[in-house]
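The values are calculated or read from the model by the stated rules, or taken from the named source; none is laboratory data. What you see is a predicted model, and the numbers here were worked out from it, not measured in a lab. Reconstructed Cβ throughout: ideal geometry from the backbone, glycine too, with neighbour counts over all protein chains shown. Protein only, heavy atoms only, side chains kept; ligands, DNA and RNA dropped before computing areas. Shrake-Rupley method; radii C 1.70, N 1.55, O 1.52, S 1.80 Å.
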Amino acid sequence: MTVNLEQLIKEAVEKALEGDMDAINNIEDRVTRSRAKASLVKAKREATKEKTETSLDENSDATSDSKKDKTSNEHISELLIQQFPDDINKELSSKKHIQIQPKNWLVISRYLRDDPASLFDSLQCITGVDLGEESDLEVRYNLHSMTHLHAVEIRISCPRNKAKVPSVESIWRIGDWFERETYDMYGIEFEGHRNLKRILLPEDWEGWPLRKDYEVQETYHGIIVPKVKEGWE
Amino acid sequence: MGVFENKFQDNIVVASLDKLIGWARSTSPWFFQFGLACCAIEMMATAASRHDLMRIGMIPRSSPRQADVMIVAGTVTLKMALRVKKLYEQMANPKYVISMGSCATSGGPYWQHGYHVLKGVDLVVPVDVYVPGCPPRPEALIEGLLKLQEKIQSERPLTRKTA
Ligand code: SF4
């Protein structure tokens, strides 16, 4: 019985792959029919996977060998160095990220979004990093392109006492909340942001909690903040 | 009188009014429905059909005006603490507070380093029953609610307090 069923499903799927969906739709038993549909989907998925794999191989064969083992970071960083030679910090960049100066970040981000070679249409994350009490703060952007399916990480560092970075909220709309969160936690000011205020903490909060030199405030609206119930440990 | 009609002779119930009030209050402590973190899920499970808070007379109310008990279920952040306090003040007397979970009791996992967490909801509102656990099982919460009922029942609202 089961052997028969499997045979039936296999045949129906083969027919359906050739374009004859009736073979599946005509199966009487509901369970068998849905099993057949499931295996059809699976078969189709495997087929497309093979196709993309072969096409990827073809692509990389067509392009030069040197390009093949480059990460998209290096590729994009070459593009950027051509366009904005003064703004890219080559020494600090690596295979995994591109370090740039804050000054022209707005122009660069617009270029990254619109240039046909990069087309980074989605800003996936903005992270703030505190590199230690003696050093700088850093903002990291993760960009991804839906068209080219490549991704880069951009890093911008700024001094702790004058933490200012141009806002990209007008380029990628999602940047609005990302930047507000980074501002909330690190006090990095995003210049040009249209509504830069705290997003998670209350607006009258003191200090930037994720900075290394943050000190917990003693009271908040008359409520004692640090742990007070001594002897509980 | 429905089903009871003509079944009984005329009746008189004799009780002390104090106890009667305590009984009435303790068997219908409607609770204020709001959750702050993971503990709230467990509170919802307690109120849902498996554990069924209705059988001890508890119905969730969405307005502080209609509620007698506030179950503080979850992490009270400092931002929320002000609101919790305000909500407590909006409730009508007599009102009771249950602190559910270690977060509401002492700050829980945020005890040491949680810069934004209130170290115990009893810093802003008076708490009647503490239910430990992270999160407490529904059975534990029910135990706490029964304890609260005992407490309400033992109150004597009409007796004059002597020093
Ligand atoms: S006590 Fe545990 S379960 Fe309850 S809110 Fe805190 S962390 Fe969540």
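What value, in deg cm²/dmol to 500, does the helix sum -39500 (n - 2.57) over DSSP H runs of n ≥ 4 give at 222 nm once divided by the residues of chain B? Write down the numbers at each step before the final one.
Values: 5 runs with 56 residues, N = 163.
The per-residue figure over chain B is -10500 deg cm²/dmol.
Hey, got the dipole for chain A? About the Cα centre, +1 on K and R Cβ, -1 on D and E Cβ, debye to the nearest 20? Provide the component values of the computation, followed by the final result.
Numbers: 34 positive and 45 negative charges, 80 e Å.
So the magnitude is around 380 debye.
Counting pairs on different chains as well as pairs 8 or more places apart, how many Lys pairs in the stretch A:67-191 have Cα atoms under 20 Å apart?
Step by step, the pairs that qualify in the stretch A:67-191 add up to 11.
Taking a probe of 1.4 Å and counting only protein heavy atoms, give the total accessible area buried between chains A and B in Å², rounded to the nearest 100.
1500
Determine the calculated [θ] at 222 nm for chain A from helices alone, applying -39500 (n - 2.57) to every DSSP H run no shorter than 4 residues and normalising by the residue count; nearest 500 deg cm²/dmol. Show your work: numbers first, answer last.
On the way: 7 runs with 91 residues, N = 233.
Helix contribution divided over all residues of chain A: -12500 deg cm²/dmol.
Counting only other chains, and only Cβ atoms inside 10 Å, what mean value do you get across the residues of B:116-124? Each step should come with its number before you reach the end.
Working: counts 8, 2, 4, 8, 4, 0, 1, 6, 3.
Taking the mean over all residues of the peptide, I get 4.
List the residues whose amide H sits under 5 Å from the amide H of A:Gln99, counting only those 5 or more places along or on another chain, with H placed 1.01 Å from N in the peptide plane.
The answer is A:Asn89, A:Ser93, A:Ser94, A:Arg155.
Report the accessible area of B:Trp23, computed with a 1.4 Å probe over the heavy atoms of all protein chains in place, in Å² rounded to the nearest 10.
Approximately 140 Å² for this residue.
Where does each of B:Arg83, B:Arg137, B:Arg160 land when they are ordered by accessible area, with a 1.4 Å probe and the largest first?
Numbers: B:Arg83 115, B:Arg137 150, B:Arg160 205 Å².
The most accessible residue leads, giving B:Arg160, B:Arg137, B:Arg83.
Binned at 10 Å from 0, what are the whole-percent values of the Cα-Cα distance distribution for chain A, short to long?
Taking all Cα pairs of chain A, the binned fractions are 7, 22, 20, 14, 15, 13, 8, 1 percent.
Of A:Asp87, A:Asp121, which has the most accessible area with a 1.4 Å probe, and how do the rest follow in descending order? All intermediate terms of the calculation are to be shown ahead of the outcome.
Working: A:Asp87 10, A:Asp121 75 Å².
From most accessible down to least: A:Asp121, A:Asp87.
Please report, in whole Å, how far the alpha carbons of the stretch A:67-191 spread along each principal axis, starting with the longest.
Principal axes ranked by extent give 41, 31, 21 Å for the Cα atoms.
Given a 1.4 angstrom probe, what's the average accessible area per residue across the stretch B:4-74, in square angstrom? List each step's numbers first, then the result.
Numbers: 4580 Å² over 71 residues.
So the stretch B:4-74 comes to 64 Å² accessible per residue, rounded to a whole number.
About the Cα centre of the stretch A:2-53, how large is the charge dipole given +1 on each Lys and Arg Cβ and -1 on each Asp and Glu Cβ? Please answer in debye to the nearest 20.
Working: 11 positive and 11 negative charges, 61 e Å.
Result for the stretch A:2-53 is approximately 300 debye, rounded to the nearest 20.
Any idea of the accessible area per residue across chain A, 1.4 Å probe, to the nearest Å²? List each step's numbers first, then the result.
Details: 14470 Å² over 233 residues.
Accessible area per residue: 62 Å².
Got a number for the accessible area of A:Phe190? Probe 1.4 Å, square angstrom, nearest 10.
Approximately 10 Å² for this residue.
From other protein chains only, count the Cβ atoms within 10 Å of every residue's Cβ in B:104-111, then give the mean. Don't skip to the end; give the middle numbers.
Details: counts 0, 2, 3, 4, 0, 0, 1, 4.
Whole-number average of other-chain Cβ neighbours for B:104-111 is 2.
Long-range amide H contacts for B:Arg61: which residues qualify at under 5 Å (H placed 1.01 Å from N, peptide plane, sequence gap of 5 or more or a different chain)?
Amide H neighbours of B:Arg61, under 5 Å, 5+ apart: B:Phe31, B:Phe32, B:Gln33.
Output the pairs from A:Lys227/B:Lys119; A:Lys197/B:Lys85; B:Lys86/B:Lys147; A:Lys197/B:Lys86 with a Cα-Cα distance over 18 Å in this structure; if there are none, say none. Working shown, then result.
On the way: A:Lys227/B:Lys119 6 Å; A:Lys197/B:Lys85 25 Å; B:Lys86/B:Lys147 25 Å; A:Lys197/B:Lys86 25 Å.
With Cα atoms farther than 18 Å apart: A:Lys197/B:Lys85; B:Lys86/B:Lys147; A:Lys197/B:Lys86.
Using a probe of 1.4 angstrom, how much of the accessible area of the stretch A:67-191 is carbon and sulfur, in percent?
Heavy-atom surface of the stretch A:67-191 belonging to carbon and sulfur, 1.4 Å probe: 49 percent.
Considering only protein heavy atoms and a 1.4 Å probe, what is the carbon-and-sulfur percentage of the accessible area of the stretch A:2-53?
The computed percentage sits at 50.
Can you tell me the relative contact order of the stretch A:84-174? Whole percent, Cα pairs under 8 Å, sequence separation 6 or more.
On the way: 154 pairs, mean separation 25.5, N = 91.
About 28 percent, as a whole number.
Could you order peptides A:13-25, B:138-150, B:115-127 by the average number of other Cβ atoms within 10 Å of their residues, highest first? Before the final figure, lay out the partial values.
Values: A:13-25: 14.2, B:138-150: 18.3, B:115-127: 20.6.
So the peptides A:13-25, B:138-150, B:115-127, ranked by packing, come out B:115-127, B:138-150, A:13-25.
State the answer as a single residue: which of A:Pro159, A:Gly128, A:Ile171 lies farthest towards the positive end of the charge dipole of the stretch A:120-233, with beta carbon charges of +1 for Lys and Arg and -1 for Asp and Glu, about the Cα centre.
Among A:Pro159, A:Gly128, A:Ile171, the one farthest towards the positive end of the dipole of the stretch A:120-233 is A:Ile171.
On the full set of protein chains, 1.4 Å probe, figure out the accessible area of B:Lys95 and give it in Å² to the nearest 10.
40
State the antiparallel share, in %, of DSSP beta bridges confined to the protein assembly as shown, rounding to the nearest 5.
50
What aspartates and glutamates could a cross-link reach from B:Lys95, if we take a straight Cα to Cα line under 16 Å and drop same-chain neighbours fewer than 8 places away?
Leaving aside aspartates and glutamates fewer than 8 places away in the same chain, those within reach of B:Lys95 are B:Asp68, B:Asp122, B:Asp128, B:Glu150, B:Glu155.
Taking θ as phi - 60°, what are the ³J(HN,Hα) couplings along the stretch B:103-115 by the Karplus curve (6.51, -1.76, 1.60), each to the nearest whole Hz, with x for Gly and Pro?
Using θ = phi - 60°, the values come out as 4, 5, 7, 9, x, x, x, 9, 4, 8, 10, x, 5 Hz.
From the phi of every residue in the stretch A:115-129, what ³J(HN,Hα) in whole Hz does the Karplus formula 6.51 cos²θ - 1.76 cosθ + 1.60 yield, where θ is phi - 60° and glycine or proline is x?
5, x, 7, 10, 6, 7, 8, 10, 9, 8, 7, 10, 10, x, 9
As I understand it, the value is the acute angle between the Cα axis of helix A:30-62 and the longest principal axis of the Cα atoms of chain A; what does it come to in degrees, rounded to 10?
For A:30-62 against chain A, the angle is about 60 degrees.
Calculate how many DSSP beta bridges within the stretch A:67-191 are antiparallel, expressed in % of all such bridges and rounded to the nearest 5. If you can, show how the numbers build up before the last one.
Values: 17 of 23 bridges.
Around 75 percent antiparallel, to the nearest 5.
Could you size up the charge dipole of the protein assembly as shown around its Cα centre, putting +1 on the beta carbon of Lys and Arg and -1 on that of Asp and Glu, and report it in debye to the nearest 20?
Numbers: 53 positive and 58 negative charges, 364 e Å.
Result for the protein assembly as shown is approximately 1760 debye, rounded to the nearest 20.
Which of A:Glu191, A:Glu153, A:Glu46 moves the most in a Gaussian network model of chain A with Cα springs under 10 Å?
A:Glu46
Cα to Cα, under 16 Å, and not fewer than 8 places away if on the same chain: which aspartates and glutamates meet these conditions relative to A:Lys15?
By straight Cα distance, A:Lys15 reaches A:Glu6.
How many angstrom lie between the C-alpha centres of the stretch A:198-230 and the stretch B:62-118?
Using only Cα atoms, the two centres lie 18 Å from each other.
Taking θ = phi - 60°, what integer Hz values does the Karplus form 6.51 cos²θ - 1.76 cosθ + 1.60 yield along the stretch B:40-45, in sequence order, with x for Gly and Pro?
4, 4, 5, 5, 4, 4
Working with all protein chains in place, sort A:Ser167, B:Ser63 by solvent-accessible area computed with a 1.4 Å probe, largest first.
Working: A:Ser167 5, B:Ser63 35 Å².
Order by accessible area, largest first: B:Ser63, A:Ser167.
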